[in-house]
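None of the figures in this text is laboratory data; all of them are computed from the coordinates on show. Worth saying up front: this structure is predicted, and the values here are computed from it rather than measured. Using ideal geometry, Cβ is built from the backbone for each residue, glycine included, and neighbour counts are taken over all protein chains shown.
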Amino acid sequence: MNDRDRGKRALGPQWDEVASWLSALPFGLWHTVVLLGAMAGLWRLRWFDDDCSGGPGAGESGGAAPRAANSGVLVTIDGAGGTGKSTAVAETAEYLRGLGVAVHSTRQPSASELGSHIRSATDTYRGMALACLVAGDRHHQQAVEIEPELAAGRVVLCDRYLPSSLTLQVLDGVAPETVWALNTGVRVPEVAVVLRADPDVISERVRARGAHNRFERATDFAARELAVFDSVAEDLRSRGWPVHVIDCTRLSPRETAVAVAELIVPLLGNAPNDPKTEGRHA
């Protein structure tokens, strides 16, 4: 079975869309990253073994692996637009640094050339094309940024991760098993936070700051995203992901940061002061 047949087998009817999209790409640097990064997940998927019956998520993304001694901690923060993810990452990073913890903050799409392009072009790319771009950026960022920071023993706080793809790309018409296929090999975080809030509160926040992308401009986007994120959280738990849902409707940014820190600090060797105590004295 050649690579084209393998890709077609994994993606089924969506293969023609992917093949057409890839064939139209010029051979620029970021396009090469997309091709190598996004398709790497497909080639590593267990479906490609003719004698294996594994399904979506049956590969490395399906469950948590043991954490190496002295390695860092990957913490991901997802949730519907307007729940305060970026603020939560910034506040949690500041809070942990105040406890003497080495922290690296990042986001997805990444701050790379490719990630910046994705952020500016969500109105242009849709469905499978956007899913491939986001997955390629994620694979690349894992290799060049996240894994090195973890190897240095830092806590890596990531604003959006795979749960966002399993929500937004699915709302964009991509099948969940396809999103899993594209993201096979993505590291399972030590802490996966999903923020939620009352949909009316979210909608008001987005109206006040302005929509960041076409997903946030959609009618009833808050209720739709919240419902899918809730479903994704349950599915990830069933796969062994350490998912923690935090309702921040009535929490201040500082209180949300303390709630996230409570999940991180017990995983650190020579843990710093109890974040509950620190929070009370802040």
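Across q = 0.14, 0.18, 0.21 Å⁻¹, the range 85-224 modelled as identical point scatterers on its alpha-carbon atoms has Debye log10 I(q)/I(0) values of -0.72, -1.17, -1.46, in the order of the q list.
Sorting the segments 114-123, 81-90 by their residues' average number of neighbouring beta-carbon atoms within 10 angstrom, most packed first, yields 81-90, 114-123. Among ALA121, GLY82, GLY136, whose Cα projects farthest towards the positive end of the dipole of the range 61-166, with charges put on the beta-carbon of Lys, Arg (+1) and Asp, Glu (-1)? Sorting the options by dipole projection puts first GLY82. From most to least packed by mean Cβ count within 10 Å, the peptides 73-80, 142-149, 253-260, 217-224 give 73-80, 253-260, 142-149, 217-224. Close amide H pairs (under 5 Å, H built 1.01 Å from N) link LEU74 with VAL156, GLU190, VAL191, residues at least 5 positions away or on another chain. Just to confirm a number: summing +1 for Lys and Arg and -1 for Asp and Glu over residues other than ARG196 whose beta-carbon lies under 9 angstrom from that of ARG196, what do you get? With Lys, Arg at +1 and Asp, Glu at -1, the net is -3.
FRET efficiency for the SER238 to SER120 pair, using the beta carbon distance and R₀ = 41 Å, is estimated at 0.70.
Spacing of the modelled spin labels on ARG97 and VAL245, each 7 Å from Cα toward Cβ, amounts to 3.3 nm.
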